[in-house]
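These notes concern the structure reproduced below.
Just so it is clear, none of the values below were taken in a lab; they were calculated from the coordinates. These numbers were taken from a predicted model, which means no experiment stands behind them. Glycine gets a Cβ as well: all are built from the backbone with ideal geometry, and neighbour counts include every protein chain shown.
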There are 2 protein chains.
Amino acid sequence: MRVSYKNRKVLITGGLGFIGSSLAIHLVREGARVVIVDNSVLGCGANLFNIAPVATDVELIHASIADTSALAEPLRGCEVIFNLAGEISHIHSMAMPERDLEINTLAQIHFLTAVTRSIPGVRVVYAGTRQVYGAPDYLPVDEKHPINPVDFNGVHKYAATMYHLMLSNMGQLDAVVLRMTNVYGPRIALDVPCQGFLGTFIRKVATGQSLEIFGDGRQLRDPVYVDDIVEASLAAGAAGQVRNRSYNAGGPEPLSMADIAAIACNSAGVPEPTFREFPEDRKMIDIGSYYTDSTLIRGDLGWSATVRFQEGFRRTLDYYREHLPHYLDPSNPSPSCKLDLRPTVPTVKKATIVPA
Amino acid sequence: MRVSYKNRKVLITGGLGFIGSSLAIHLVREGARVVIVDNSVLGCGANLFNIAPVATDVELIHASIADTSALAEPLRGCEVIFNLAGEISHIHSMAMPERDLEINTLAQIHFLTAVTRSIPGVRVVYAGTRQVYGAPDYLPVDEKHPINPVDFNGVHKYAATMYHLMLSNMGQLDAVVLRMTNVYGPRIALDVPCQGFLGTFIRKVATGQSLEIFGDGRQLRDPVYVDDIVEASLAAGAAGQVRNRSYNAGGPEPLSMADIAAIACNSAGVPEPTFREFPEDRKMIDIGSYYTDSTLIRGDLGWSATVRFQEGFRRTLDYYREHLPHYLDPSNPSPSCKLDLRPTVPTVKKATIVPA
């Protein structure tokens, strides 16, 4: 029903990551001319294998989105930008808030400045996050919910969201922000254990381990399958004038963490999950139950999630059964988040300040 | 009625600026032990003359708030922090967004990290701004109004606001954010013409010039006199457990821009104001009418503005009649914003990333 991407030039920032690569594959299959900008920042989920099915069909620019000179050619003639580059880890952001600010906020200033100069008014689909709402005041969470991030990552993702909205109000961009709930599916990073619980769940059951749940497991989530998020992004990118600029995009059903874990364990044939106390550092940023009101995006863009968790998780496991070695070092099946990051933290190159 | 500051150690960031220095003078007179941290970033309104009345009574640390080693001693034993350091110019932020991010956001990460490690749980009064609300959806604007900044400065001030609130929710700080409307009074910078209209109005009429108003002059504002804002800040710093963490603090009455300009011209004995079209760059960030609902702070902290504009403006003019040469280079009575800033932009020293 939506406008076709055939022969249209699109740019995907963070296109080696989980959602970005999934988008790239779909867009190539639709006949789009896909350019990926990604500099594989450690801890952000980039994996060259993610784009293996379309490796010869996309143009890959190994550059930071802050590297405005490297962007000149990729941006020229671009019709839609899917802006997914960034860091999503709560835990990285609390340990290294400046790094999170550089990656999620400073880099976006450079990127959006280049975009507004090169192709003013272009449609940009920005990958926002439900994290900006923090612990919900009410359920399900709609777009009017107060903004109340519980970590530096949420603050910085929201700052970047505000850049997109502000520049759109000025007519310099035509942005649509998708505030995504927990996304899972093929190509999610398994070696970055602090990017949310779903990657960890998949890694564990795919390597024959059972799951541990923090708390009583009654808190709700609405995981959304990556193909659904790809479809939401394509709809947002192809829509004409949008009635709203921020849309929540959630899964098809709220499930308890206990149910999510049970489905994951059953799918993989590993023992039932066990329960344990919340560790202190996790408790501080736990938000209780969360699920999404996707009414607005359904009405405006005709999108709603279609893949139920049982089915999506099965497809995900099938993918990792085939490709696990590309996602996990077999000598280190339980990578530790902080230790992996401390020794070398590559950060976004700092550009010189050049007043407009 | 409020708790006394006598013999209490307080720290004021940005204490050489307009509001910070006014606070310092009041606090010294109350017998507080005042430490100022200020590195006089060009364009942010610092002026050593501002603290002339108490120059020998305060401890002045010439350092960036991002310089955590310089902060160790000033923070020790500190009971209340008034966190006012920052850049408030719309125009600077649009021309140099990275500079605004460094000053208003990155520097606050460093500062608040030092604060939470050295004196966890301390009361911090953060100088927020009405700018975060953008163009009002309704009037008067209360604390529930959506956040919708119209410039990079508003985004970054809001990011810093979220840091304060997030760290308070975690128990690492005890912050109170005052979202101030347009503040005016003695010590406002006159040589930084892009920090809002009131400094420009004062500079012009104090040097015998009349005023130009953009548009029809019917848009409303509620200017608040600096002594009232000092009183609000002292109340916020001295209050016990607060019922809310964000308070709007506005002036005693909404006035039209035409009325504000007429009062200013009449007070100074210069010709009546004239009207002209909005310049394009201003129009983009104009927010129409704005005035504040201060109900929440009145109920919780017993504060409301008391100084009417006519009286406050008279006191302001009296101050500048006496001290004008300390605020304005007589050879350059109409300083230009962008030109002054472009050649040398001192920015906050970038600290090394040290994971916690």
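The magnitude of the dipole of segment B:9-335, with charges of +1 and -1 set on the Cβ of Lys/Arg and Asp/Glu and taken from the Cα centre, is near 460 debye. Provide a whole-number value for the mean count of partner chain Cβ atoms within 10 Å of the Cβ atoms in peptide B:99-108. Partner Cβ neighbours, averaged per residue: 3. Of the residues B:Ala261, B:Gly31, B:Pro186, the one whose Cα sits farthest toward the positive end of the charge dipole of chain B, with +1 on the Cβ of Lys and Arg and -1 on the Cβ of Asp and Glu, is B:Gly31.
Looking down the axis that turns chain A into chain B, the chain A residue with its beta carbon nearest that axis, and the gap rounded to whole angstrom, comes out as A:Ala159, 2.
Remark: mean inter-chain Cβ contacts per residue of B:155-165 equal 5, using a 10 Å Cβ-Cβ cutoff to other protein chain atoms. Sorting A:305-311, B:213-219 by average packing, meaning the other beta carbons within 10 Å per residue, from highest down gives A:305-311, B:213-219. For A:His323, the point set 7 Å out from Cα toward Cβ sits 6.6 nm from its twins in the other copies, listed from shortest up. Note on B:143-153: average number of Cβ atoms from other chains within 10 Å of each residue's Cβ is 3. If only the Cβ of Lys and Arg carry +1 and only the Cβ of Asp and Glu carry -1, the dipole of segment A:168-289 around its Cα centre is close to 240 debye. As an exercise, use a Förster radius of 35 Å and the Cβ-Cβ distance of B:Asp57 and B:Asp300 to find the FRET efficiency, rounded to the nearest 0.05. Taking R0 as 35 Å, the efficiency between B:Asp57 and B:Asp300 is 0.65.
With label points defined 7 Å past Cα in the direction of Cβ, position B:Phe275 shows copy-to-copy spacings of 6.9 nm, given to one decimal and shortest first. Report summary: the helix-based calculation at 222 nm, which adds -39500 (n - 2.57) for every DSSP H run with n ≥ 4 and divides by the residues of chain A, gives -10500 deg cm²/dmol. Label points for A:Pro53 are taken 7 Å from Cα along Cα→Cβ. From this copy to the others they lie 7.2 nm apart, shortest first.
Per-residue Karplus couplings for segment A:315-325, computed as 6.51 cos²θ - 1.76 cosθ + 1.60 with θ equal to phi - 60°, are listed in order as 4, 4, 4, 3, 4, 6, 4, 7, 10, 3, x Hz, Gly and Pro entered as x. Dipole magnitude for the protein assembly as shown: computed about the Cα centre from +1 point charges on Lys and Arg Cβ and -1 point charges on Asp and Glu Cβ, it is near 240 debye. Neighbour counts of other Cβ atoms within 10 Å put A:Asp228, B:Asp259, A:Asp318 in the fewest-to-most order A:Asp318, B:Asp259, A:Asp228.
In order along segment B:222-230, phi translates into HN-Hα couplings of 10, x, 10, 6, 4, 5, 5, 5, 4 Hz, rounded to whole numbers, per the Karplus curve 6.51 cos²θ - 1.76 cosθ + 1.60 with θ = phi - 60° and x for Gly and Pro.
Between the beta carbons of B:Val242 and B:Thr274, assuming R0 = 45 Å, the FRET efficiency works out to 0.50 to the nearest 0.05.
Which of B:Ile36, A:Ile61 has the fewest other C-beta atoms within 10 Å, and how do the rest follow up to the most?
Sorted ascending by nearby Cβ count, the order is A:Ile61, B:Ile36.
A cut-off of 5 Å between modelled amide H atoms, ignoring neighbours fewer than 5 places along the same chain, links A:Ile213 with A:Thr274, A:Phe275, A:Arg276. Around the amide H of B:Ile12, modelled in the peptide plane, lie the amide H atoms of B:Val35, B:Ile36, B:Val37, B:Phe82, all under 5 Å away and 5 or more residues distant in sequence or on another chain. Rank A:Tyr320, A:Thr105, A:Leu301 by how far each Cα sits towards the positive end of the charge dipole of segment A:9-341 (+1 on Lys, Arg Cβ; -1 on Asp, Glu Cβ) and give me just the farthest. Checked the options; the winner is A:Leu301. For B:Leu173, the residues whose modelled amide H falls within less than 5 Å of its own, excluding neighbours fewer than 5 places apart on the same chain, are B:Gly121, B:Ser168. Evaluating 6.51 cos²θ - 1.76 cosθ + 1.60 at θ = phi - 60° for every residue in segment A:119-131, the Karplus couplings come out as 9, x, x, 5, 5, 10, 9, 9, 7, x, 8, 5, 4 Hz, glycine and proline recorded as x.
Exposure proxy ranking for B:His323, A:His92, based on other Cβ atoms within 10 angstrom of each Cβ and starting from the fewest, stands as B:His323, A:His92.
Projecting the Cα atoms of B:Ile51, B:His164, B:Leu16 onto the charge dipole of chain B, computed from C-beta unit charges around the Cα centre, puts B:His164 farthest toward the positive end.
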